[in-house]
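Here's the structure, in structure tokens; my notes come after.
The values are calculated or read from the model by the stated rules, or taken from the named source; none is laboratory data. Model, not experiment: these values are computed from the prediction. Cβ placement follows ideal geometry from the backbone for every residue including glycine, while neighbour counts extend to all protein chains displayed.
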Amino acid sequence: MRLMLENRVRELRARFNMTQTDLANQVGITRQTVGLIEKGDYAPSVLLALRLAEAFETTVEEVFWVR
């Protein structure tokens with residue numbers, strides 16, 4: 001069984017009225033990386049996941065989960 005990392009980055013970004021560029025600048029990554037994370041094509045490091053959760057004022061578990 002292959003585990004998949006799911007996320008709510010796109011949903012949360014929209015809720016916070018952020019563009020991919022806004023979020024990327026806030027957490028120190030590229031806009032392209034944000035897009036890859038949203039599509040599930042890139043699994044962020046723990047540090048990046050924590051930064052993303054902080055940007056959305058929530059916990060890592062609310063942003064990412066394993067399916």
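May I ask you to verify whether Glu38 is in a helix (DSSP H, G or I) and under 9 Å from the mean Cα position of the chain (by Cα)? I'd like the intermediate steps shown before the answer.
On the way: in a helix (DSSP H, G or I): yes; under 9 Å from the mean Cα position of the chain (by Cα): yes.
Yes; evaluated as a whole, the condition is true for this residue.
Here is a list: Gln32, Gln26. Which entry is surrounded by 14 or more Cβ atoms within 10 Å (Cβ to Cβ) and over 10 Å from Val9 (Cβ atoms)? Please lay out each step first, then the result.
Values: Gln32 fails: surrounded by 14 or more Cβ atoms within 10 Å (Cβ to Cβ).
Going through Gln32, Gln26 in turn, just one is surrounded by 14 or more Cβ atoms within 10 Å (Cβ to Cβ) and over 10 Å from Val9 (Cβ atoms): Gln26.
So which residues in region 1-43 are touching a residue at least 12 places away in the same chain (Cβ under 8 Å) and either small (Gly, Ala, Ser) or in contact with a Cys (Cβ under 6 Å, 6 or more places away or on another chain) (or both), if there are any at all?
Matches in region 1-43: Gly28, Gly35, Gly40, Ala43.
It is to be established whether one or more residues within region 37-44 are within 14 Å of Leu12 (Cα to Cα), at pLDDT 95 or above and either of a type in the set (Phe, Trp, Tyr) or in contact with a helix residue (DSSP H, G or I) (Cβ under 8 Å, 6 or more places away or on another chain) (or both).
yes
Against the condition of a type outside the set (Ser, Thr, Tyr) and either surrounded by fewer than 18 Cβ atoms within 10 Å (Cβ to Cβ) or in a strand (DSSP E or B) (or both), how does Arg13 come out, does it pass?
Details: of a type outside the set (Ser, Thr, Tyr): yes; either surrounded by fewer than 18 Cβ atoms within 10 Å (Cβ to Cβ) or in a strand (DSSP E or B) (or both): no.
So Arg13 does not fit the description; no.
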